[in-house]
Amino acid sequence: MNVQHINIKIYLDNPDTVNLADFGAVFNSWIQQQRLDELLIDVADYLHVHNGPGIMLIGHEADYSLDNRAGRLGLLYNRKAQLDGTTQEKLTQSVRATLIAAQILEKENGLKFKGSEVQVIINDRLLVPNTPEIPDSLEPELKSFFGRLYAEASYVLTHNADPRERFTVNVKTGSSIDVDTLLRNLSVEADHA
């Protein structure tokens, strides 16, 4: 299966302390400094949309946003450009990009993310429709990836089976894990690949 357009969302631990209006300037500075690996182009403000995309950092290959969809504030990475490689490599790229942005926001802007909960959305209904057989075909890949990401800590994968929604899996562990640890786990994974 050719999995493309992976979205990753990591949730904020302290959403009540965040003033999203402050992050337009933060994301504009990221464009000026080209802080991330992707080409960054513009910032869009959706603060007027209730439970919407919040503040978006628009890029050529991917978008980043402090997203409040479903009433849960977090950092959403939306990979737009296609990638070559295996599903594991594509998941690694998307999760690493998300965690690097989260790490910068934590160190420079006082945000705190919960590494214990991640949402994965495949933003391509043609390649990965949200049909009953898809979870079974992707589950081994997802379990292998998150087993390494969480360093074998126990976790639960929950699939949103609503066919009107994009293929979405929520991953949650009872362990307290921070962004730095998850990035280290990805580096260990890459060293052994």
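Evaluate E = 1/(1 + (r/R0)^6) for Asp180 and Gln88, where r is the Cβ-Cβ distance and R0 equals 22 Å; express this FRET efficiency to the nearest 0.05.
Efficiency at R0 = 22 Å is approximately 0.50.
Between (1) 216; (2) 120; (3) 134, which entry matches volume of the Cα convex hull per residue in Å³ as derived from the coordinates of this structure?
(2)
Place a +1 charge on the Cβ of each Lys and Arg in segment 16-112 and a -1 charge on the Cβ of each Asp and Glu, then give the dipole magnitude about the Cα centre in debye, rounded to the nearest 20.
Approximately 240 debye in magnitude.
Using the heavy atoms of the protein chains and a 1.4 angstrom probe, tell me the accessible area per residue for the chain in square angstrom.
48 Å²
Once label points are set 7 Å from the Cα along Cα→Cβ at both Glu133 and Asn19, what is their separation, rounded to one decimal in nm?
Calculated label separation equals 5.3 nm.
In debye, nearest 20: dipole of segment 79-190 around its Cα centre with unit charges on the Cβ of K, R (+) and D, E (-)?
About 280 debye.
Pop the C-beta distance of Glu141 and Asn28 into the FRET formula with R0 = 25 Å and round what comes out to the nearest 0.05.
The value I calculate is 0.10.
How long is the gain from Ala70 to His50 if the chain were fully straight, where each residue apart is worth 0.36 nm and the alpha carbon distance is subtracted?
Length gained, Ala70 through His50: 6.2 nm.
Using +1 at the C-beta of Lys and Arg and -1 at the C-beta of Asp and Glu, which of Ala44, Ala70, Thr92 has the Cα lying farthest in the positive direction of the dipole of segment 21-97?
The listed residue farthest towards the positive side: Ala70.
In segment 78-184, if every C-alpha pair distance is counted and binned at 5 Å from zero, what percent goes to each bin?
Percent of Cα pairs in each bin: 2, 11, 22, 23, 20, 14, 6, 2, 0.
The values are calculated or read from the model by the stated rules, or taken from the named source; none is laboratory data. Note that the structure is a prediction, hence the values are computed from the model and not measured. Note that we place each Cβ from the backbone using ideal geometry, even for glycine, and neighbour counts take in every protein chain shown. SASA here: full protein model, heavy atoms, side chains in, ligands and nucleic acids out. Shrake-Rupley method; radii C 1.70, N 1.55, O 1.52, S 1.80 Å.
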